[in-house]
Amino acid sequence: MPKSEEAVQMGLLIDYEFCTNCHTCEVACKKELGLKPGEYGIKVLEDGPRRNPDGKWEWNYVPVPTSLCDLCEKRVAEGRKPTCVHHCQSGIMYYGPVEELAKKMTGKPNMVLYSK
Amino acid sequence: MSDEFNKELYKTDARWQEGEYTVTRTSVWTAPGCHNGCGVLLYSKNGKLEKVEGDPNASFNRGRLCLRCINMIEQVYNKDRLKWPMKRIGEKGENKWQRITWDEAYDIIENKYNEIKDNHGVESIATLVGTGRNSMWQPAVITRAIFGSPNLSFGFLSGDSCYQPRMTANLIKLGDCVISDCSQTHPLRENNPEWKKPEVIVVWGNNPLVSNGDGFMGHWIVDMMRLGTKLIVIDPALTWLAAKADIWLRIRPGSDAALAMALLNVIINEDLYDHDFVENWTYGFDDLVERVQEYPPDKVADITWIPKEQIIEAARMYAKAKPAAVQWGLAVDMQMAAMEASSAITDLMALTGNIDVPGGNIIQRYAYNRSKKYGSAIEYISEEMLLKRIGTYESPIHESGYTPFIPPDKLLECLETGRPYPVQMLWLQGTNPIANMAGEAPRVYAAMKKVPFCVVVDLFMTPSAVAFADLVLPAAMSVERDSFRAWWTPLRSIAKGAELYEQCKSDEEIVLDLGKRIRPDRFDQYNTITDYLDQLLQEDGGVEYDFNALVERVNDFWDWDYTYLKYEKGLLRKDGQPGFVTPTGMYEFTSPLFDVWGFDMLPHHIEPVEGPYTTPELMREYPFILTTGNRLWGCFHSEHRQMPTMREIHPDPMMDINPDTAQKLGLNEGDWAWLENRRGRCKQKVRFNVGLDAKVVRGEHGWWFPEKEGAEPTLFGVFDSNINNLTTMGVHGPTHYGAPYKSTICKIYKVTAENDQLSPTEIVTRKGGFGYAKK
């Protein structure tokens, strides 16, 4: 049975393997939501850099949507993508039904799925 | 970003109405600054820009944008933006101004020009420009075609050390410039059937994700990584790219030429080079083979501080990858051996057969040859006047016209000594020398103070404007301009998407206004900016359409730029023959021109002037190697410091240091530290970088504080955190190219109340500087 549109849970899929900490999602979101300094709808968190036992460097950035994120309701209603997805410089953010996004992440390491 | 987007919403038209918004689809370049020209959608209402969105139909950026364009509104309507022309009413440095009209401003300039022309000669007008943005040809035309002076200079960038060494080495060796091929030259991008993915990219001397230098969008590297491209990163600091690289070569700053020679050594001695290319298309290979024997990996390991095994491994990985590209950057230019390193790295591209092949380093010219950049209007300068160029005849490569500037180091000497003649007027357009470009900034400050008359064209009241200007002219931003971009490809419209702010004028309008006043014989033929742009687009075999047609097209890819193997196809030389635009027609491993000019014909290592092997005694007092100029997300050089959003990300100037080193010095992360050497000192905040060598530190450039008092002695705090208190002027490589901005030395110690009594800016503006010159 296909779910009705209202029932479909939407989310963001982020391939953080290639997040470079360019701050684009943070600032695009601020501009879209009209946030003040210190306020974030999405914030990039850092892990590393440090060396792993094999000598390779571990250095990850992960954008985390906050409670202020409304998945760009207004933009989506206009037929656009959320502004972070549209502008992400690495092109690693995807918007869609969480079930579809979950399929997309199958087999690809270093992805995170956020539900709303 | 993705290839899938709403095609009804994101049209391919140039302009449309969307509800209450007028949407303009075009590109943005300058101002505010950056080296790229991303496709944008400008949403305006009643002539006011309301928002900016990345254009998914622009294959350059495919909808992506960085902070500068996303945050454009904050910049365009910033409360500090210059609104109208102003003339100085107090003393220089007092920051007292009177609003005047453009006509009054032009009257002042015209009168001053006539006075100088009659009493001193127009050559005593000199122009300073900044890095490569859409304010290159405009000041060149004002200087040469309007004032008639031959003296255009990089705004005190010692050794012309930004892209000039790399471009010049390219031009001498193969007659053209090469860039790394991430598919950007073709509208279909990765789907261009002829394109191949680079198997390896060598990221050499830049962090392109942040810097986006030379028209290269840094995140194209990430696009390639996602397709499976492997990286070799050459950088003294651990960058995100270095952490993701298969090989990170942590090089000692300023030793790039030696590293390149060792890579050449391994590739030649292990017979990993492209025999077909070397035998059929190159000149002087045997001489190179002999020279590289002086650079075995074990010896170069000592010079570069990179383990021998890593050098060998990197050479093999690069040489075996087919194709492979080198994405090089500014660090190559900012060392004594800039020309030599640039030459050797270009040799690597040639030796491995990666010149002009898909996914390699491809030959590019400005789209449809539509850009003369800094070289514009040189045809208006007579032979007699060319001979009056300041300092040019001391540098054979400048004299030969490879770089359209007078050497900045020689201009500084001229200001200081009045020889060969005193400079009566400085014209600064889009440059803020003492905050950014000028090495040994306190010395440049003192020298510029001597010039009787100075005009500054800029967006904000900068420290340089306060310190030197008699007249300040407010420039338009990119979104308010009609212009175009042809660096590299595609040819892109820059179309006005918002009305001009207050009384601002575009650089193009200033050219035309001044041209009509001072040289009506040259400029009365143009009624409008559009007339002038039409000519720039069409003259000398350009495009067949006019500016308005370009605005409709938005962008236009030139097929020449995406044609591969142009040297085989006879597309480079004027005679239509296969080969390169060089004296031998070949790629030149040994450069006969270098011999003519009295330089070594082959690349070689040159030690930094200050360092462990050249000045071991000095190192006892100044034990750290200082590298400067790493880029900031969202801030371009000295720009963007007025913007609350950018300052939220970058509240303070930061210096990077290995945490163990910091601990030994009693420094914690977030402490303020002095960086000091013989020439001066500045203070920046401590940030740990675990990858940095214990003996290397890194300092940021471009810092001034618009939130502080503008009048001297505060002068927006321009010298307080100024890393150029420590760098040099007049110290450059043997070819007059390359200066050690990235390889000086310093000591580090904690800022305390006791040692911070008098600010560096007060020392420079009130006490005559740090006293280095007097020593």
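The values are calculated or read from the model by the stated rules, or taken from the named source; none is laboratory data. All of these numbers come straight from a predicted model, not from anything done at the bench. Counting neighbours? That spans all protein chains shown, and the Cβs are built from the backbone with ideal geometry, glycine included. Only protein heavy atoms, including side chains, enter the accessible area calculation; ligands, DNA and RNA are left aside. Shrake-Rupley method; radii C 1.70, N 1.55, O 1.52, S 1.80 Å.
Here is a yes/no grid of residues against (1) in a strand (DSSP E or B); (2) within 14 Å of another protein chain (Cβ to nearest Cβ); (3) free of Cβ contacts under 8 Å to residues at least 24 places away in the same chain:
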site	(1), (2), (3)
B:His637	no, no, no
B:Gln663	no, no, yes
B:Leu667	no, no, no
B:Ala673	yes, no, no
B:Lys683	yes, no, no
B:Gly710	no, no, no
B:Asn724	no, no, no
Which numbered condition B:Val76 fails, given (1) more than 11 Å from every other protein chain (Cβ to nearest Cβ); (2) crowded, with 17+ Cβ neighbours inside 10 Å; (3) more than 29 Å from the chain's Cα centre (by Cα): (3)
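Restricting attention to the range B:212-226, which residues are within 12 Å of chain A (Cβ to nearest Cβ) and touching a helix residue (DSSP H, G or I) at 6+ places or on another chain (Cβ under 7 Å)?
If we filter the range B:212-226 for residues that are within 12 Å of chain A (Cβ to nearest Cβ), which is where we start, we get B:212, B:217-226.
Residues satisfying the conditions are B:Gly218, B:His219, B:Ile221, B:Val222, B:Met225, B:Arg226.
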Subset of the range B:515-546 (residues that are under 27 Å from B:Ser183 (Cα atoms) and touching a strand residue (DSSP E or B) at 6+ places or on another chain (Cβ under 9 Å)): B:Leu537, B:Val543, B:Tyr545
Test result for B:Phe547, touching a Phe, Trp or Tyr at 6+ places or on another chain (Cβ under 9 Å), open to solvent by less than 10 Å² (accessible area, probe 1.4 Å), in contact (Cβ under 8 Å) with a residue 40 or more places away in the chain and outside the structural domain of B:Pro433 (by TED's automatic domain parsing): yes
Qualifying helices (runs of 4 or more DSSP H) (wholly inside the range B:476-556; at least 3 residues being more than 24 Å from B:Tyr10 (Cβ to Cβ)): B:507-518, B:520-523, B:529-538
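Can you find even one residue in the range B:744-762 that is in a loop (DSSP other than H, G, I, E, B), modelled with pLDDT of 95 or more and among the basic types (Lys, Arg)?
Filtering the range B:744-762 down to residues in a loop (DSSP other than H, G, I, E, B) leaves B:751-759.
Narrowing further to those that are modelled with pLDDT of 95 or more: B:751-759.
If we keep only those that are among the basic types (Lys, Arg) as well, we get none.
Checked against the condition, which is being in a loop (DSSP other than H, G, I, E, B), modelled with pLDDT of 95 or more and among the basic types (Lys, Arg), the range B:744-762 yields no hits at all.
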Answer residue from the range B:433-448, given it is closer than 16 Å to B:Phe716 by Cα and open to solvent by 10 Å² or more (accessible area, probe 1.4 Å) and is nearest to the chain's Cα centre (by Cα) among those: B:Asn436
B:Pro578 being outside the structural domain of B:Pro740 (by TED's automatic domain parsing), farther than 21 Å from B:Asp356 by Cβ and of a type outside the set (Lys, Arg): no
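Quick one: is B:Glu91 modelled with pLDDT of 95 or more and in contact with a strand residue (DSSP E or B) (Cβ under 8 Å, 6 or more places away or on another chain)? Give the steps one after another, and end with the answer.
Numbers: modelled with pLDDT of 95 or more: yes; in contact with a strand residue (DSSP E or B) (Cβ under 8 Å, 6 or more places away or on another chain): no.
Considered against the rule, which asks whether it is modelled with pLDDT of 95 or more and in contact with a strand residue (DSSP E or B) (Cβ under 8 Å, 6 or more places away or on another chain), B:Glu91 comes out as no.
Going through B:Ile201, B:Ile268 one at a time, which residue ends up being surrounded by fewer than 23 Cβ atoms within 10 Å (Cβ to Cβ) and either away from every other protein chain (no Cβ under 13 Å) or outside any loop (DSSP other than H, G, I, E, B) (or both)?
Details: B:Ile201 fails: surrounded by fewer than 23 Cβ atoms within 10 Å (Cβ to Cβ).
Result: B:Ile268 is the single residue among B:Ile201, B:Ile268 that is surrounded by fewer than 23 Cβ atoms within 10 Å (Cβ to Cβ) and either away from every other protein chain (no Cβ under 13 Å) or outside any loop (DSSP other than H, G, I, E, B) (or both).
Tell me the residue from A:Pro2, A:Pro37 that is at pLDDT below 95, within 13 Å of another protein chain (Cβ to nearest Cβ), part of a loop (DSSP other than H, G, I, E, B) and surrounded by fewer than 18 Cβ atoms within 10 Å (Cβ to Cβ), please. Talk me through it step by step, then tell me what you get.
Values: A:Pro2 fails: within 13 Å of another protein chain (Cβ to nearest Cβ).
Testing whether each residue is at pLDDT below 95, within 13 Å of another protein chain (Cβ to nearest Cβ), part of a loop (DSSP other than H, G, I, E, B) and surrounded by fewer than 18 Cβ atoms within 10 Å (Cβ to Cβ) leaves just A:Pro37.
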Residue match in the range A:19-32 (condition: surrounded by fewer than 14 Cβ atoms within 10 Å (Cβ to Cβ) and closer than 30 Å to B:Gly691 by Cα): no
Residue in the range B:290-298 that is within 14 Å of another protein chain (Cβ to nearest Cβ) and either part of a helix (DSSP H, G or I) or open to solvent by 10 Å² or more (accessible area, probe 1.4 Å) (or both) present: no
All positions within the range B:12-27 that are closer than 30 Å to B:Trp633 by Cα and within 14 Å of another protein chain (Cβ to nearest Cβ): B:Tyr21, B:Val23
Some residue of the range B:48-56 being at pLDDT 95 or above, surrounded by fewer than 21 Cβ atoms within 10 Å (Cβ to Cβ) and within 13 Å of chain A (Cβ to nearest Cβ): yes
The lone exception for B:Leu128 - which of (1) away from every other protein chain (no Cβ under 14 Å); (2) in contact (Cβ under 8 Å) with a residue 40 or more places away in the chain; (3) open to solvent by 10 Å² or more (accessible area, probe 1.4 Å) it fails: (3)
Some residue of the range B:207-217 being assigned to a loop (DSSP other than H, G, I, E, B) and more than 18 Å from the chain's Cα centre (by Cα): no
Conditions (1) open to solvent by less than 10 Å² (accessible area, probe 1.4 Å); (2) among the aromatic types (Phe, Trp, Tyr); (3) within 14 Å of chain A (Cβ to nearest Cβ): number failed by B:Phe277: (3)
Residue in the range A:61-69 that is in contact (Cβ under 8 Å) with a residue 12 or more places away in the chain, more than 10 Å from chain B (Cβ to nearest Cβ) and assigned to a helix (DSSP H, G or I) present: no
The range A:72-116: number of residues that are within 12 Å of chain B (Cβ to nearest Cβ), open to solvent by less than 50 Å² (accessible area, probe 1.4 Å), within 15 Å of A:Val8 (Cβ to Cβ) and part of a helix (DSSP H, G or I): 1
Unique residue being within 14 Å of another protein chain (Cβ to nearest Cβ), part of a loop (DSSP other than H, G, I, E, B) and either open to solvent by 40 Å² or more (accessible area, probe 1.4 Å) or at pLDDT 95 or above (or both) when the list is B:Pro583, B:Pro578, B:Pro603, B:Pro651: B:Pro651
